[in-house]
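I have placed the structure first, in the form of structure tokens, so that the comments after it can refer back to it.
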Amino acid sequence: MKHFTDIKQLSRKDILELFRLTDYLRDMKPKKRAKQLRHKTIMQLFFENSTRTRVSFELAAKKLGATLINVDIARSSTHKGESLRDTLTTLAAMSADAFVIRHQDSGTAEQARQWLGDTVSIINAGDGNHQHPSQALLDLYTIHRHKGDFSTLKVAICGDIKHSRVASSLIDGLNIMGCQNIHLFGPRHLMPESTPAIMVNRFSSAARAADVLVMLRIQKERMNDTDIPNAEQYLTHYGLTPQRLQLAKPDAIVMHPGPMNRNVEIASEVADGPQSVIQEQVHNGVLTRQAILHHLLA
Ligand code: NCD
């Protein structure tokens with residue numbers, strides 16, 4: 001595999017192989033790990049804000065011994081009118097081995113792959129509302145560590161699903177892993193037009209007997225002002241409260257890709273409660289991104 005732009009590139013077997021590689025690199029002696037990508041150069045181009053994804057790719061690259069450059073988009077020549085294609089071609093000419101790209105437009109990673117061919121590995125760190133495959137992998141890894149087999153699980157994904165590349169890539173990833181029982185709930189106008197998952201119109205239908213609950217932020221940056229729900233009332237109608245969590249299985253896990261808006265889509269007690277694996281997702285993000293970089297570049 002040369003590029004990682006869409007979780008649908010992977011089979012169930014590929015994903016299990018990446019889980020094994022994640023564990024193998026996690027357990028490797030740091031000194032040996034730091035030799036894995038010693039002469040590789042990775043450039044990050046983030047046209048949208050990011051904390052977790054950008055920093056965890058950076059940490060993953062550095063732990064494997066690669067050179068990592070964060071291209072400062074705000075000060076780059078795209079602000080002098082240079083096209084994205086020319087910026088990418090210029091950086092590729094500096095012998096980059098991989099680009100980690102986040103962009104507001106769906107399809108940018110795939111477009112970059114077509115422009116550059118196989119000269120540089122393209123890793124999609126989120127394109128519009130389309131895909132976020134490294135997030136899907138870390139979410140799947142986290143679920144796998146808690147629940148093992150996917151085929152018997154009920155997963156509820158709640159919130160602004162329409163604008164969420166996290167939701168669409170996770171739904172694809174769960175399908176690949178054999179999970180058929182995926183329920184979606186959120187404000188009607190924030191539900192997707194079509195999906196391979198099951199759309200329900202009550203929180204209780206989604207949450208009842210769920211093994212995994214995934215809560216999502218309202219992605220205001222992708223909406224018209226009139227579509228933005230009222231934050232104060234949101235928790236009451238659509239958020240995960242301690243009462244609603246009781247509908248799920250007693251050992252259900254609560255996930256959130258971050259950034260989280262406390263007491264909007266998730267009550268603070270739930271976010272910090274014993275069933276929350278939100279910080280573990282962040283931790284696993286570094287580990288699974290090591291595996292992605294190693295798989296593409298080693
Ligand atoms: C998400 C994203 O950027 O798609 N964040 C992330 O990468 N962890 C979700 C979001 O912005 O709400």
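The values are calculated or read from the model by the stated rules, or taken from the named source; none is laboratory data. As the structure is a computational prediction, the values presented were derived from the model and not from experiment. With ideal geometry, Cβ positions are generated from the backbone for all residues, glycine too; neighbour counts draw on all protein chains shown. The area values use the complete protein model at the heavy-atom level, side chains included, leaving out ligands, DNA and RNA. Shrake-Rupley method; radii C 1.70, N 1.55, O 1.52, S 1.80 Å.
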Within the bounds of segment 190-199, is there any residue that is at negative phi, open to solvent by less than 10 Å² (accessible area, probe 1.4 Å) and at pLDDT 95 or above?
yes
Mind listing just one residue for me: the one in segment 78-107 that is among the acidic types (Asp, Glu) and in contact with a Ser or Thr (Cβ under 9 Å, 6 or more places away or on another chain) and, of those, most open to solvent (accessible area, probe 1.4 Å)?
Asp86
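Yes or no, residue by residue, for (1) within 16 Å of the ligand (Cβ to nearest atom); (2) within 18 Å of the chain's Cα centre (by Cα); (3) assigned by TED's automatic domain parsing to the domain that holds Thr53; (4) β-branched (Val, Ile, Thr):
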| position | (1), (2), (3), (4) |
| --- | --- |
| Ser83 | no, no, yes, no |
| Ala92 | no, no, yes, no |
| Ala96 | no, no, yes, no |
| Phe99 | no, yes, yes, no |
| Glu110 | no, yes, yes, no |
| Arg113 | no, no, yes, no |
| Arg145 | no, yes, no, no |
| Ala156 | no, yes, no, no |
| Gly159 | yes, yes, no, no |
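Residues are listed down the side, and each one gets a yes or a no for (1) closer than 27 Å to Pro257 by Cα; (2) out of contact with any Asp or Glu (no Cβ under 9 Å at 6 or more places or on another chain):
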position: Leu37; (1), (2): no, no
position: Ala61; (1), (2): yes, yes
position: Arg102; (1), (2): yes, no
position: Ala112; (1), (2): yes, yes
Among helices (runs of 4 or more DSSP H) entirely inside segment 220-298, those with 2 or more residues being at negative phi, within 16 Å of the ligand (Cβ to nearest atom) and crowded, with 17+ Cβ neighbours inside 10 Å are 231-238, 278-297
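For (1) touching a strand residue (DSSP E or B) at 6+ places or on another chain (Cβ under 9 Å); (2) at pLDDT 90 or above; (3) among the β-branched types (Val, Ile, Thr), each residue gets a yes or a no:
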site: Arg208; (1), (2), (3): yes, yes, no
site: Met215; (1), (2), (3): yes, yes, no
site: Ile218; (1), (2), (3): no, yes, yes
site: Asn224; (1), (2), (3): no, no, no
site: Pro229; (1), (2), (3): no, no, no
site: Gln233; (1), (2), (3): no, yes, no
site: Thr236; (1), (2), (3): no, yes, yes
site: Thr241; (1), (2), (3): yes, yes, yes
site: Leu245; (1), (2), (3): yes, yes, no
Could you please find all residues in segment 108-130 being open to solvent by 20 Å² or more (accessible area, probe 1.4 Å), in contact with a Lys or Arg (Cβ under 6 Å, 6 or more places away or on another chain) and closer than 12 Å to Asp6 by Cα?
His130
Check whether at least one residue in segment 131-139 is at negative phi, touching a residue at least 60 places away in the same chain (Cβ under 8 Å) and surrounded by fewer than 24 Cβ atoms within 10 Å (Cβ to Cβ), and report yes or no.
no
